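Right, one structure below, let's go through it.
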Amino acid sequence: MTDYRIGNNGTALACTGEGSGPPVLLIHAAGADSSTWGDIATRLREGCRVITYDRRGYSDSAHAEKPSLREHAADAVAILEQLAGGPATIVALSAGATIALQVAVIRPDLVNGLVLHEPPFHVKRHPNLATIRAVIGMQR
């Protein structure tokens with residue numbers, strides 16, 4: 001396993017990368033950190049390059065006051081740009097799933113696919129046309 005520190009907008013993010021093959025980015029839920037993936041990450045490493053990170057304000061990443069969805073998505077984009085080497089599949093849980101959706105909206109060129117578990121759909125309260133199109137596209 002290789003540890004990385006990725007900087008984005010003055011915030012240092014703790015990341016790991018391991019395995020080889022198609023890149024997979026794991027985005028954890030609120031109240032968790034990159035260790036939450038446990039055996040899932042281990043199994044994925046058998047055929048993929050798995051990238052995990054502690055989101056802004058969590059565990060080993062720099063702390064920030066109330067980071068926005070936009071900031072979290074920009075962090076994920078920076079990690080993909082620097083560590084994935086091409087479009088990745090994003091696997092995400094809860095609030096992480098909302099971040100993954102935002103990444104797919106703002107940088108679809110970095111996303112091969114999304115695996116989302118229990119997204120809270122922040123977009124229900126703050127919809128915009130790009131996000132609505134992304135959700136409709138996923139349902140097709």
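Return the residues of the range 16-28 that are more than 14 Å from residue 85 (Cα to Cα), under 11 Å from the mean Cα position of the chain (by Cα) and outside any loop (DSSP other than H, G, I, E, B); say none if nothing qualifies. If you could, list the steps in order and put the result at the bottom.
From the range 16-28, those more than 14 Å from residue 85 (Cα to Cα) are 16, 26-28; that's our starting set.
Still in the list and also under 11 Å from the mean Cα position of the chain (by Cα): 26-28.
Answer for the range 16-28, where residues must be more than 14 Å from residue 85 (Cα to Cα), under 11 Å from the mean Cα position of the chain (by Cα) and outside any loop (DSSP other than H, G, I, E, B): 26, 27.
Could you tell me which residue of the range 45-85 is farthest from residue 8 (Cα to Cα), considering only residues that are touching a residue at least 40 places away in the same chain (Cβ under 8 Å) and basic (Lys, Arg)?
Per the criteria, the residue is 55.
In the range 86-102, what count of residues is obtained for those that are within 12 Å of residue 130 (Cβ to Cβ) and among the hydrophobic types (A, V, I, L, M, F, W, C)? Write out each step before concluding.
Quick first cut of the range 86-102, residues within 12 Å of residue 130 (Cβ to Cβ) only: 101-102.
Subsequent filtering for residues that are among the hydrophobic types (A, V, I, L, M, F, W, C) retains 101.
Qualifying residue count for the region: 1.
Identify, from the list 96, 47, 31, the residue that is open to solvent by less than 30 Å² (accessible area, probe 1.4 Å) and either over 19 Å from residue 2 (Cα atoms) or outside any helix (DSSP H, G or I) (or both).
Numbers: 47 fails: open to solvent by less than 30 Å² (accessible area, probe 1.4 Å); 31 fails: open to solvent by less than 30 Å² (accessible area, probe 1.4 Å).
After ruling out the rest, the residue left standing is 96.
Would you mention how many residues in the range 107-124 are in contact with a helix residue (DSSP H, G or I) (Cβ under 6 Å, 6 or more places away or on another chain), modelled with pLDDT of 95 or more and either open to solvent by less than 60 Å² (accessible area, probe 1.4 Å) or of a type in the set (Asp, Glu) (or both)?
Result for the range 107-124: 3.
The values are calculated or read from the model by the stated rules, or taken from the named source; none is laboratory data. The structure displayed is predicted, hence computed values, not measured ones. For neighbour counting, all protein chains shown are included, and Cβ atoms are generated from backbone atoms with ideal geometry for every residue, glycine included. What goes into the accessible areas is simple: the full protein's heavy atoms, side chains included, and nothing from ligands, DNA or RNA. Shrake-Rupley method; radii C 1.70, N 1.55, O 1.52, S 1.80 Å.
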